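Worksheet for the structure shown next.
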């Protein structure tokens with residue numbers, strides 16, 4: 001497993017975002033001083049529309065991980081640039097491929113991390 005894929009899974013777990021949102025994350029959406037990551041959800045809207053804005057507060061763990069991610073991605077636009085084409089983002093399904101290779105095929109997918117977090121937080 002590439003370290004970048006490991007970081008992608010951790011980023012998704014820490015921020016409790018969808019895999020697509022994590023894989024396509026851009027540095028331009030992160031305000032380091034305020035520790036806020038702004039994303040736009042385009043689900044159910046026209047392609048030319050920006051989408052609903054969500055602001056995610058970045059924890060201490062997320063900001064620490066972000067520093068490590070930056071060491072790998074350098075000055076690229078995306079937190080998780082594609083290995084084949086660094087001008088675009090990594091394939092979001094790469095994380096699920098790794099989970100399958102770890103022996104969890106048919107038992108677990110990365111989106112399950114979000115479901116677990118949601119269940120836990122809703123119980124609080």
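Quick note: the coordinates plus some simple rules give every number you see, no bench work behind them. Here the structure is a predicted model, which is why all the values come from computation and not from measurement. When we count neighbours, we look across all protein chains shown, and the Cβ atoms used for this are built from the backbone with ideal geometry, even at glycine.
From the square roots a ≥ b ≥ c of the eigenvalues of the alpha-carbon gyration tensor of region 62-102, which class results: rounded (a/c under 1.5), prolate (a/b over b/c), or oblate?
Oblate, because a/c is 1.5 or more while a/b does not exceed b/c.
Please give the contour-minus-distance gain from residue 84 to residue 60: 0.36 nm per residue of separation, less the Cα-Cα distance, rounded to one decimal in nm.
Full-extension gain reported as 5.5 nm.
Only residues of region 76-99 count here: report those whose backbone N is under 16 Å from the spot 7 Å along Cα→Cβ of residue 105, or say none.
94-99
Looking at the P(r) of region 53-124, how many percent of alpha-carbon pairs lie beyond 18 Å?
Taking all Cα-Cα pairs of region 53-124, the fraction more than 18 Å apart is 61 percent.
When you take every Cα atom in the chain, what is the radius of gyration, and what is Dmax, the widest Cα pair distance, in Å?
Over the chain's Cα set, Rg and Dmax evaluate to 14.6, 42 Å.
Given the rule -39500 (n - 2.57) for each run of at least 4 DSSP H residues, summed and divided by the residues of the chain, what is its mean residue ellipticity at 222 nm, to the nearest 500 deg cm²/dmol?
So the helix-based figure for the chain works out to -12000 deg cm²/dmol.
Rank the residues 121, 65 as a footprinting-exposure proxy: fewest other Cβ atoms within 10 Å of their Cβ go first.
Listed from fewest to most nearby Cβ atoms, that is 121, 65.
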